[in-house]
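Everything below concerns the one structure shown next.
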Amino acid sequence: MPLPQADPELFRSKVRACLLGGALGDALGYAVEFDSLDGIRARFGSGGLTDFSQLDAPAPVSDDTQMTLYTVDGLVEVLQWANDGVGADETACLWLAYLRWLKTQGEALPANAPDQPDRWIDAQEVLHHRRAPGNACLSGLLTGEMGTKYRPVNAESKGCGTVMRSAPFGLLPYVSEETVYKFSADGAALTHGHPSALHSAAVFSSLIHDLLPAGATLQEAAAAAAERAARSGVPGLAERLQAAVSLAAENRGSTASVSPEQMKQALGEGWVAEEALAIGLYAALA
């Protein structure tokens, strides 16, 4: 099967939209991440937080955005090596990038972890703010071991820390769907070991990849994501994504909006990987 081609201008636009849109959503989400629904309404009114004018400026760069940008940096390093005619282990490059992120959070690298020279991204002061990074992301990296699917760190963790950083895998042009899926799952395994964490990240990255070509639609990408989830062998992931697609269709076909309480019941709260992906997909579709 021929690989999909990417128009350079369209590609640049979609990369910018994906990373900037993600950062803006992360900034709004970070402001209410640990609040209850009642707490959000108490702070921002019955409609909740819907606009940056409701927050103090400047909007924060969240830990999710930080790790997303370090995912970009790890993939860029792979491409830089390739452009120099040198093959590089993409997962190792990601691990080294995440270790450099770990240092920005004020953590000392464990003695058994390699300490790499800084790159351009490491000098960006805004990425050094500690924004309540995920426990599994921190603990997985603090082992000093490069986690893999076959030698997992945090073997039972399926927290949302894999999904939130995995969009950049889907932005790789000229690579197959299978390659995107594998790269993303391998990247997730650096900090999380549960199958849901790996496959949720991979399904998300593949969905982003499906949106790269001209004419791609979110509805088609969402349907393909639900099919991949069904093939993943992770029941919770398949159920949550199908619920997201169904709830969004219900929302479009009704004059009454789906309430936050209904969303929570159908999709969960987003603390684990499959719930975070389902909520994000629902939000985009709705």
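The values are calculated or read from the model by the stated rules, or taken from the named source; none is laboratory data. Keep in mind it's a predicted model, so treat the numbers as computed, not measured. Methodologically, a virtual Cβ is constructed for each residue, glycine included, from the backbone with ideal geometry; neighbour enumeration extends over all protein chains shown. Only protein heavy atoms, including side chains, enter the accessible area calculation; ligands, DNA and RNA are left aside. Shrake-Rupley method; radii C 1.70, N 1.55, O 1.52, S 1.80 Å.
Step through the residues of segment 114-130 one at a time and calculate ³J(HN,Hα) from phi using the Karplus curve (6.51 cos²θ - 1.76 cosθ + 1.60, θ = phi - 60°), rounding each to whole Hz and writing x for Gly and Pro.
x, 9, 8, x, 5, 10, 3, 4, 5, 8, 7, 4, 5, 7, 8, 6, 8
Which whole-number percentage describes the relative contact order of the chain, with Cα contacts under 8 Å and a sequence gap of 6 or more?
About 16 percent, as a whole number.
Would you kindly work out the equivalent ellipsoid of segment 1-138 from its C-alpha gyration tensor and give its semi-axes, the square roots of five times the eigenvalues, largest first in whole Å?
So the equivalent ellipsoid measures 32, 22, 12 Å along its semi-axes.
Between D7 and residues 5 or more places away or on another chain, which pairs have amide H atoms under 5 Å apart, with H built 1.01 Å from N, and which residues are they?
Residues meeting the criterion, in which the H sits 1.01 Å from N, are A214.
Under a point spin-label approximation (7 Å from Cα along Cα-to-Cβ), what is the R16-T148 distance to one decimal in nm?
Label-label distance for R16 and T148, simple model: 4.0 nm.
Quick one: dipole size for segment 187-280, taken about the Cα centre, charges +1 on Lys/Arg Cβ and -1 on Asp/Glu Cβ, in debye to the nearest 20.
Charge dipole of segment 187-280: 100 debye, to the nearest 20.
Quick check: from the Cα gyration tensor, does segment 65-155 come out rounded (a/c under 1.5), prolate or oblate?
Oblate shape, in that a/c is at least 1.5 and b/c is the bigger or equal ratio.
Using a 1.4 Å probe and ignoring any ligands, DNA or RNA, find the accessible area of C160 and quote it in Å² to the nearest 10.
So the heavy atoms of C160 present about 40 Å² to solvent.
Relative to the Cα centre, what is the charge dipole magnitude of the chain, using +1 at the beta carbon of each Lys and Arg, -1 at the beta carbon of each Asp and Glu, and rounding to the nearest 20 debye?
About 240 debye.
Using the membrane-span-like helix rule (whole DSSP H runs, Cα extent along the own axis of at least 15 Å, mean Kyte-Doolittle hydropathy at least -1.0), which helices of the chain qualify?
Flagged H segments are 8-32, 63-83, 90-104, 177-188, 195-210, 218-231, 235-252, 273-285.
Ignoring ligands, DNA and RNA, how do Y181, Y98 rank by accessible area with a 1.4 Å probe, largest first?
Y181, Y98
Can you give me the solvent accessible area of F183 with a 1.4 Å probe, rounded to the nearest 10 Å²?
Counting only protein heavy atoms, F183 exposes about 40 Å² to solvent.
Using a ≥ b ≥ c from the Cα gyration tensor of segment 133-286 (square roots of the eigenvalues), is it rounded, prolate or oblate, where a/c under 1.5 gives rounded and otherwise the larger of a/b and b/c decides, a/b for prolate?
Since a/c reaches 1.5 but b/c is at least a/b, the shape of segment 133-286 is classed as oblate.
In terms of the Cα gyration tensor, with a ≥ b ≥ c the square roots of its eigenvalues, is segment 155-198 rounded because a/c is under 1.5, prolate because a/b exceeds b/c, or oblate?
prolate
Any idea which of P168, A238, L127 is furthest toward the positive side of the dipole for the chain, if Lys and Arg beta-carbons carry +1 and Asp and Glu beta-carbons -1?
The residue sitting most towards the positive pole is A238.
Place the peptides 276-284, 83-91, 101-109 in order of packing, highest mean first, counting for every residue the other Cβ atoms within 10 Å and averaging per peptide.
276-284, 101-109, 83-91
When the chain is treated as a GNM, springs tying every alpha-carbon pair under 10 Å, which of G29, G45, G134 comes out with the largest mean-square fluctuation?
G45
Using only helices, what value at 222 nm comes out for the chain when you add -39,500 (n - 2.57) per DSSP H run of length 4 or more and divide by the total residues, to the nearest 500 deg cm²/dmol?
Computed mean residue ellipticity for the chain: -18000 deg cm²/dmol.
With only alpha-carbon atoms in the gyration tensor, what are the semi-axes of the equivalent ellipsoid for the chain, in Å, largest first?
Working through the eigenvalues yields semi-axes of 29, 23, 19 Å.
Enumerate the lysines that K14 could reach by cross-link, defined here as Cα to Cα under 18 Å, with residues fewer than 8 away along the same chain left out.
K14 reaches no qualifying lysines.
Note down the Stokes-Einstein diffusion coefficient of segment 233-274 in µm²/s, whole number, using a Kirkwood radius over alpha carbon pairs, 20 °C, and 1.002 mPa s.
Roughly 196 µm²/s, to the nearest whole number.
Using the Kirkwood radius over Cα pairs, work out the Stokes-Einstein diffusion coefficient for segment 109-153 at 4 °C and 1.567 mPa s, in µm²/s as a whole number.
Answer from the Stokes-Einstein relation: 104 µm²/s.
Cross-link candidates for K103: which lysines have Cα within less than 24 Å, leaving aside residues fewer than 8 places away along the same chain?
Straight-distance partners of K103: K158.
Tell me, how many Å apart are the Cα centres for segment 180-214 and for segment 263-286?
With segment 180-214 and segment 263-286 each reduced to a Cα centre, they are spaced 16 Å.
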